[in-house]
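Have a look at the structure below before the remarks.
The values are calculated or read from the model by the stated rules, or taken from the named source; none is laboratory data. Note that the structure is predicted; figures quoted are calculated from it, not measured. Quick reminder, even Gly has a Cβ in these numbers, built from the backbone with ideal geometry, and neighbours come from all protein chains shown.
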């Protein structure tokens, strides 16, 4: 009855609810935080002229161009390009424009250096696809203009850097020319274009940079062929490898005369060590070679003679050359030695004459140095100082100067691939967390200030103090669990294979852990397909255990590559254990069972359809055996258009006895006709979703029973022709089919065709409904559809007396094999935005109404009430339906500007939205990630179960005190009066 | 018997009992005045007092019936107020409904007390009491009916299943698109 009265109150509440959930300006940053990142740096160009702020312009693997402050590493400006607009090269021209070449060399843009505004954009076309190269000719001045030379798509362009106009262009017709370098010899108007043709022909073109005139064309054949990268050792000498990778070729094209010098690598290093690879760099006279794990530095001494300078097996990274004075070049070299890195800056002409040698302690969790960028500055004593920007294995960016790390950026967080959450430790007695707590006086002062604010007595300074107090509240960033469950750890896994724990209160990094065990070269060569699962979530009886997560990866691109597992403690970030598996990992299935220490049972399916049970304990196998016949799984083969269902059969029949391995058999398969349908999206319910009730009370006290099976799969297929871009097909040859499939029996519960529609489909499945988004070609608009599924076989269970006495079978376990009769209701609406991601709010008990969280194309998150996507909406709802909260039907879903969860911010490069329930039923935590991170709390039906943050406790307290005082005073007065009455 | 205390209930603030029938002068503190004979007076007044008693009993019975009929007016007024309150759930209608439920219940609890003043061995109170109870039950029924029209009575299936947890599933099927 208590619940019913509660629900009744809730209903009362809803009836007064208006759907807008917005935020006041001063509430920004109270419960939300936003962090900006750029991703792994690919290329960096320094801009450190004497005047103006010192900055570095970088391009990254997340397609970001950013200008960073060299002093603090902050972002001055940043642009996130589209995912298909990959940046090929950046440079600075005429001291004020950043030139970027992107989209496979077809778009050249100039950005204003101080503020990042785009100045011009040129589209460069060419006859064929090729490597794209960008070269800014700084010493060729034409009317104060720098000419930008771009080689792209088999064509050489010269572009004016002032307005982006193409000055001249030159095609290279040679059908198979593979251009390797575009070189400008210093102090000349010439440009060399060198490349390989037909794999054994070396081609050299000499071009006048002023007008594009072809001055000379030479070619020479080398029978051995060429392999991989080339390294430029002078403006007229190249070093390349022959096709076997064992002979070094020094190619000189001085004065248009091409000559080859061959030097077998074994001559240089004594014995053959295996295939070599040239590390591309641009240091005059020196190049480096990687043979296995050994790095060899070789100098070219005139006429193709080679000399080995150093041979080292330390992990080494080299920067490009930096010209420090007339004709002098320097470069930086970083070597790993234990927990330190050694930075050496050497002049190009003298290997042993170090300009700088420093040792810097480096956090092991950052891994190896991947890239080095060097820059110099002039010290007060007129000598040269060097600063070095390094990119680490975990994608972080650090600036080293004078033997110290000046700043560091955790840009690995720009490429999150999986997210899960963990609770914080419980507050223990004796642990001095109370230190963070304000003392009583502070508390009272704070509340007095707030009271002043509410009574509008506060001065502007007071207001500022209130605001900063609210923002800096130590309460939200404590390292212990809170009563409302707002404080949690977000465990995120980045593409670099690093785990971060972020505090939900302020987004700071609590710990980070590079999965070393997965990165060991002997264990795993190319680690891919990482995923994160909750391994152990202790509550109730296993409270003293720390929670842990499971990271699953695969060593190599093929499906048969062996898998690796790593278990990480989420309180400390320490790796508990790691396993290199003998079998492959095709699928990971978390089972709904846990053992006595709250470790979740996981089933790992390998490529041969064997199921492996983890953890490998007798207890786990005991639990598993009990449920053996009830465990199924399905696999989606989207290439073949087949969905298959499997069941477990028996223990593995391999030569090695393994009691944790099980054979499986195929139960059913759904085959989509390949000529008419192609799977484009599948979605299921979240495993941890909580549903409060199976009944839905509709108008006039009627009941509908939701079909709440966890084993439902939503599949969307589209016509194969229509799986391309929007608009590439006519409406007649395009269709979209949505299915609801029971994954235990393979039964198709519902099928609906949308004619004239096409993908991409974004869908979300929750409770008994699925919402999906697609494009309608007939009306040229995006649409969203909802399907709700109800259990018709229970619809007759409406006898009140049976229900009162509990003589019903509504809560008895149900089986998919009982073939429940279902009905579906669906409706479609237009929607203005195209979207990147869609999610739904989830709360602790599932009572609160739901909101859809829509990641729009503008990288914002929009909250849309599920009530707008209710298939029972009609144009003229009856009075009873209105009371129930049904909104009159409109053809367009409204976008209320106030319901943007991200308010004024953008989550650049939005990839995913994760919702986590807080302990407080009304509230859900939302984490959106992309290049940026954004976190906030949402209350889809408002915070009906708690007082708002700005509730004035002081006012309440004072009111109570005043009331009590008034009671006493009036009591005394009345006593006195009564006495006087009696004496009269 | 205490003097100065009303025995006839409402309308009489005090009374002196002149009908002291005791014959023994020794039982009184004050001796009878000279020439006063108790025996003769008794015989004179007996007829008058019987008449009085009958009148009183009649009056009591009449009053009891009046009291018994009082809830009827209440009932009418309640009905009017309920009609005014409408059938939507809000503070006013809930307040009226609950008072409509509470009044008959409290009245029924105090049935004995209400009819106490009219207790007399000559008056038959069963009739008025039954009427009183019946009318109050009618009021109660009206309240319950109002409660039902407001939809606050668990008479529908929806009231019993609205918090029914989802049924457990026997089978479990998992799987995702391959990594």
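Summary table
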{"quantity": "Qualifying residue in the stretch B:120-139 (condition: within 14 Å of another protein chain (Cβ to nearest Cβ), more than 30 Å from residue A:563 (Cα to Cα) and at pLDDT below 80)", "calculated": "no"}
{"quantity": "Number of the exception - residue A:833 against (1) over 28 Å from the mean Cα position of the chain (by Cα); (2) at pLDDT below 90", "calculated": "(1)"}
{"quantity": "Selection status of residue B:143, over 30 Å from residue A:664 (Cα atoms), free of Cβ contacts under 8 Å to residues at least 12 places away in the same chain and either in contact with a helix residue (DSSP H, G or I) (Cβ under 7 Å, 6 or more places away or on another chain) or more than 7 Å from chain A (Cβ to nearest Cβ) (or both)", "calculated": "no"}
{"quantity": "Filter result for residue B:148 (surrounded by fewer than 19 Cβ atoms within 10 Å (Cβ to Cβ) and more than 7 Å from chain A (Cβ to nearest Cβ))", "calculated": "yes"}
{"quantity": "Condition check for residue A:619: in contact with a helix residue (DSSP H, G or I) (Cβ under 9 Å, 6 or more places away or on another chain), surrounded by fewer than 16 Cβ atoms within 10 Å (Cβ to Cβ) and away from every other protein chain (no Cβ under 13 Å)", "calculated": "no"}
{"quantity": "Residue check, residue A:834 surrounded by fewer than 19 Cβ atoms within 10 Å (Cβ to Cβ), within 28 Å of residue A:930 (Cβ to Cβ) and touching a helix residue (DSSP H, G or I) at 6+ places or on another chain (Cβ under 7 Å)", "calculated": "no"}
{"quantity": "Residue list for the stretch A:622-641, filter: more than 13 Å from chain B (Cβ to nearest Cβ) and within 19 Å of residue B:171 (Cβ to Cβ)", "calculated": "A:625"}
{"quantity": "Single match in A:687, A:667, A:601 (criterion: within 12 Å of another protein chain (Cβ to nearest Cβ) and surrounded by 21 or more Cβ atoms within 10 Å (Cβ to Cβ))", "calculated": "A:601"}
{"quantity": "Test result for residue A:783, part of a loop (DSSP other than H, G, I, E, B) and more than 30 Å from residue B:156 (Cβ to Cβ)", "calculated": "no"}
{"quantity": "Top-ranked residue of the stretch A:607-616 - restricted to ones that are in contact with a strand residue (DSSP E or B) (Cβ under 8 Å, 6 or more places away or on another chain) and touching a residue at least 40 places away in the same chain (Cβ under 8 Å), ranked as nearest to the other protein chains (Cβ to nearest Cβ)", "calculated": "A:607"}
{"quantity": "Condition broken by residue A:620, with the remaining ones in (1) farther than 30 Å from residue A:723 by Cα; (2) assigned to a strand (DSSP E or B) satisfied", "calculated": "(2)"}
{"quantity": "Within the stretch B:151-163, tally of residues that are surrounded by fewer than 18 Cβ atoms within 10 Å (Cβ to Cβ) and facing chain A (nearest Cβ under 7 Å)", "calculated": "2"}
{"quantity": "Members of the stretch A:812-823 found to be under 39 Å from the mean Cα position of the chain (by Cα), more than 7 Å from chain B (Cβ to nearest Cβ) and surrounded by fewer than 18 Cβ atoms within 10 Å (Cβ to Cβ), listed by number", "calculated": "A:823"}
{"quantity": "Leading residue by the ranking (surrounded by the fewest Cβ atoms within 10 Å (Cβ to Cβ)) among those in the stretch A:793-811 that are facing another protein chain (nearest Cβ under 7 Å) and either closer than 15 Å to residue A:706 by Cα or in contact (Cβ under 8 Å) with a residue 60 or more places away in the chain (or both)", "calculated": "A:811"}
{"quantity": "Residue within the stretch A:704-721 that is buried (at least 17 other Cβ atoms within 10 Å of the Cβ), assigned to a strand (DSSP E or B), over 35 Å from the mean Cα position of the chain (by Cα) and within 10 Å of chain B (Cβ to nearest Cβ) present", "calculated": "yes"}
{"quantity": "Every pair of residues 6+ apart whose Cβ atoms lie under 6 Å, when the first sits in the stretch A:578-598 and is on the phi > 0 side of the Ramachandran plot and touching a residue at least 60 places away in the same chain (Cβ under 8 Å) while the second is part of a strand (DSSP E or B) and buried (at least 16 other Cβ atoms within 10 Å of the Cβ)", "calculated": "A:598/A:536"}
{"quantity": "Filter result for residue A:741 (part of a strand (DSSP E or B), in contact with a strand residue (DSSP E or B) (Cβ under 9 Å, 6 or more places away or on another chain), crowded, with 19+ Cβ neighbours inside 10 Å and within 14 Å of chain B (Cβ to nearest Cβ))", "calculated": "yes"}
{"quantity": "Any strands (runs of 3 or more DSSP E) falling wholly within the stretch A:82-140 and containing at least 3 residues that are farther than 23 Å from residue A:320 by Cα", "calculated": "A:107-112, A:118-123"}
{"quantity": "Residue A:672 more than 14 Å from chain B (Cβ to nearest Cβ) and in contact with a strand residue (DSSP E or B) (Cβ under 8 Å, 6 or more places away or on another chain)", "calculated": "yes"}
{"quantity": "Residue in the stretch A:324-333 that is in contact with a helix residue (DSSP H, G or I) (Cβ under 8 Å, 6 or more places away or on another chain) and part of a strand (DSSP E or B) present", "calculated": "no"}
{"quantity": "Number of positions in the stretch A:636-687 that are more than 19 Å from residue A:734 (Cα to Cα), touching a helix residue (DSSP H, G or I) at 6+ places or on another chain (Cβ under 8 Å) and in a loop (DSSP other than H, G, I, E, B)", "calculated": "2"}
{"quantity": "Residue pairs meeting the criteria (Cβ under 6 Å; at least 6 apart or on separate chains; first facing chain A (nearest Cβ under 7 Å) and surrounded by 16 or more Cβ atoms within 10 Å (Cβ to Cβ), in the stretch B:165-179; second part of a strand (DSSP E or B) and at pLDDT below 85)", "calculated": "B:179/A:529"}
{"quantity": "Lone qualifier among B:100, B:107, B:55, B:39 - being more than 26 Å from residue B:134 (Cα to Cα), modelled with pLDDT of 85 or more and either more than 14 Å from chain A (Cβ to nearest Cβ) or touching a helix residue (DSSP H, G or I) at 6+ places or on another chain (Cβ under 6 Å) (or both)", "calculated": "B:55"}
{"quantity": "Extreme residue, farthest from the chain's Cα centre (by Cα), among residues of the stretch A:950-984 that are surrounded by fewer than 14 Cβ atoms within 10 Å (Cβ to Cβ) and not in a helix (DSSP H, G or I)", "calculated": "A:984"}
{"quantity": "Residue ranges of strands (runs of 3 or more DSSP E) in the stretch A:237-284 with at least 1 members on the phi < 0 side of the Ramachandran plot and buried (at least 18 other Cβ atoms within 10 Å of the Cβ)", "calculated": "A:237-242, A:247-252, A:276-279"}
